[in-house]
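Since the structure comes first, as structure tokens, the remarks are kept for the end.
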Amino acid sequence: MSTTVLSSHATAPPVRTLGLSRGKVGVLLWAPLFIFLALVFFAPLAGMLGLAVKDAELAAVMPKTVEAFKHWDGRMPPPAVAYEAVARDLRQAREDRSVGVVGRRLNLEDAGLRSVVTLTARRLPDALDDRQDWKSLLAGIDPAWEAPVIWRALKHSTGPRTDLYLLDGLDLKRGDDGSILHKSGTDAIYVDVLVRTFAIALSATAICLLLAVPTASLLAYVGPSVRGLLMMALLLPLWTSVLVRSASWLVLLQKTGLVNQLLETLGWISEPLSLIYNRTGVLIALCHVLLPYAVLPIYSSMNALPPSQMRAASSLGASPMLAFWRVYLPQILPGLSAAGMLVFILALGYYVTPLLLGGPSDQLLPYYIAFNATQTVNWGLASALGGILLLATVLLYALYVRLVGVHRIGLG
């Protein structure tokens, strides 16, 4: 009897819910999360990256010019129809009050073209004669229309796609012959800013890990009551706004602040130190903000290890240092890796802290992204800089995974 029952259970058909297999049920359970991520994360991200190569402003304001440039390679002098198209489009743009759009777009190609476009649109006659000499009309308003620079700029701006913003974000530009050239002098800033961003993020990560290891070790080996108090002190900054924390450090680190007064009282310094509007203030505030994100993964790894392992290594003749390197460190490495990656990625995106506590040479790439998005209203360059930062982060993470192994990072 019992054998028959067990056999019938062993050969029972797969469990189905409302006529659906387990695989379909799993898909339905994951579908809401996937749709949510697609709507609030992937779609906005794709839209932002699309702005980095989108170039439809000129086509919307000067459609006749774009049509006239379709069969022009940009090397020979522009066709005669192009002069008429430019004059009629600028005349219409003046009526539509959209000349500023044209000037702003051309100014990205060559500084100074905004004034040429604005002056031309303002001085064009109200009535345009179909039989007049269009080239002489434009050149009579501004001699710049006789130079090839403005015509190449118009050709490069016809869209619908452009590499202008991506090249600008990498301190590159296109020459007159279409080749890619390196910018020089004050025009080349973004590569240095990107390197600075990663250097500050790596410095903050290293400092946080050095502080997090002893802190996590203390949390792992104290009693429950003391651990609760220490954990509350650790997590308390997370309940405070980043802006408030950064502003507090601004007060504490100034020359008449509490830190300098304490150091002078102890006799460690004879005059106040410069701790703000430089790299020192940025790193202090960043480490204060990011330290909990480093401590918690390391503490999780340490708390899972039984203390008997270190005692066993000691009983077998290993010194404390050898036992740490051969027994303890390999087992907490996933926590260290997870903490390092988490702190590093978070540090790359900080904007408020360097803005308040850093100087002009301490601003990270997010500052320039915000500046181009809000001050110069150059959404294409802001999106390109964001895409470059995202791509560089992904490439570094992929390299790190390849060197260390995803199974040792604690994230996979």
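The values are calculated or read from the model by the stated rules, or taken from the named source; none is laboratory data. As the structure is a computational prediction, the values presented were derived from the model and not from experiment. Here the Cβ is made from the backbone with ideal geometry for all residues, glycine too, and neighbour counts use every protein chain on show.
Residues in region 145-201 that are crowded, with 18+ Cβ neighbours inside 10 Å and of a type in the set (S, T, N, Q): how many?
Residues in region 145-201 being crowded, with 18+ Cβ neighbours inside 10 Å and of a type in the set (S, T, N, Q): 4 in total.
The conditions are (1) touching a residue at least 40 places away in the same chain (Cβ under 8 Å); (2) not assigned by TED's automatic domain parsing to the domain that holds residue 153, and residue 35 fails exactly one of them. Which is it?
(1)
Which of (1) touching a Pro at 6+ places or on another chain (Cβ under 9 Å); (2) surrounded by fewer than 15 Cβ atoms within 10 Å (Cβ to Cβ); (3) closer than 20 Å to residue 285 by Cα is the odd one out, the single condition residue 251 does not satisfy?
If we test residue 251 against (1) touching a Pro at 6+ places or on another chain (Cβ under 9 Å); (2) surrounded by fewer than 15 Cβ atoms within 10 Å (Cβ to Cβ); (3) closer than 20 Å to residue 285 by Cα, just (1) comes out false.
Taking region 186-202 on its own, how many of its residues are farther than 21 Å from residue 281 by Cβ and either assigned to a helix (DSSP H, G or I) or modelled with pLDDT of 95 or more (or both)? Explain how you work it out, then say what you get.
Start the filter on region 186-202 by keeping residues that are farther than 21 Å from residue 281 by Cβ, which leaves 186-191, 194.
Applying the additional criterion that residues be either assigned to a helix (DSSP H, G or I) or modelled with pLDDT of 95 or more (or both) yields 186-187, 190-191, 194.
Going through region 186-202 one residue at a time, the tally reaches 5.
Matching residues to (1) of a type in the set (A, V, I, L, M); (2) under 34 Å from the mean Cα position of the chain (by Cα):
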site: 279; (1), (2): no, yes
site: 316; (1), (2): yes, no
site: 333; (1), (2): yes, yes
site: 338; (1), (2): yes, yes
site: 347; (1), (2): yes, yes
site: 350; (1), (2): no, yes
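Run down 212, 188, 233 and say which single residue is without any contact (Cβ under 8 Å) to a residue 12 or more places away in the chain and either small (Gly, Ala, Ser) or outside the structural domain of residue 337 (by TED's automatic domain parsing) (or both).
Working: 212 fails: without any contact (Cβ under 8 Å) to a residue 12 or more places away in the chain; 188 fails: without any contact (Cβ under 8 Å) to a residue 12 or more places away in the chain.
When all the criteria are applied, what remains is 233.
Considering only residues that are assigned to a helix (DSSP H, G or I) and either more than 30 Å from the chain's Cα centre (by Cα) or of a type in the set (Val, Ile, Thr) (or both), which ones fall in region 252-269? Explain how you work it out, then say what you get.
Of the residues in region 252-269, the ones assigned to a helix (DSSP H, G or I) are 252-253, 258-265.
Those that are assigned to a helix (DSSP H, G or I) and either more than 30 Å from the chain's Cα centre (by Cα) or of a type in the set (Val, Ile, Thr) (or both): 258, 259, 260, 261, 262, 263, 264, 265.
Are any of the residues in region 100-117 touching a residue at least 40 places away in the same chain (Cβ under 8 Å) and either more than 30 Å from residue 170 (Cβ to Cβ) or aromatic (Phe, Trp, Tyr) (or both)?
So far as region 100-117 goes, no, none of its residues is touching a residue at least 40 places away in the same chain (Cβ under 8 Å) and either more than 30 Å from residue 170 (Cβ to Cβ) or aromatic (Phe, Trp, Tyr) (or both).
Checking residue 32 against (1) modelled with pLDDT of 90 or more; (2) of a type outside the set (Asp, Glu); (3) loosely packed, with under 10 Cβ neighbours inside 10 Å, only one condition comes out false. Which one?
Against the list (1) modelled with pLDDT of 90 or more; (2) of a type outside the set (Asp, Glu); (3) loosely packed, with under 10 Cβ neighbours inside 10 Å, residue 32 comes up short only on (1).
With the condition being in the same structural domain as residue 209 (by TED's automatic domain parsing) and surrounded by 21 or more Cβ atoms within 10 Å (Cβ to Cβ), I'd like the helices (runs of 4 or more DSSP H) fully within region 270-388 carrying at least 3 qualifying residues. Even if it seems obvious, please write down each step before you answer.
Details: elements: 279-303, 308-315, 320-323, 329-348, 352-357, 365-374.
Because the criterion is at least 3 residues that are in the same structural domain as residue 209 (by TED's automatic domain parsing) and surrounded by 21 or more Cβ atoms within 10 Å (Cβ to Cβ), the helices (runs of 4 or more DSSP H) in region 270-388 that meet it are 279-303, 329-348, 352-357, 365-374.
Suppose we keep only residues that are buried (at least 21 other Cβ atoms within 10 Å of the Cβ) and farther than 13 Å from residue 161 by Cα within region 40-65. Which one would you say is nearest to the chain's Cα centre (by Cα)?
Per the criteria, the residue is 62.
Here are 237, 272: which of them is touching a Lys or Arg at 6+ places or on another chain (Cβ under 9 Å) and under 25 Å from residue 364 (Cβ atoms)? Don't jump to the end; show me each part of the working.
Numbers: 272 fails: under 25 Å from residue 364 (Cβ atoms).
After applying the criteria, what remains is 237.
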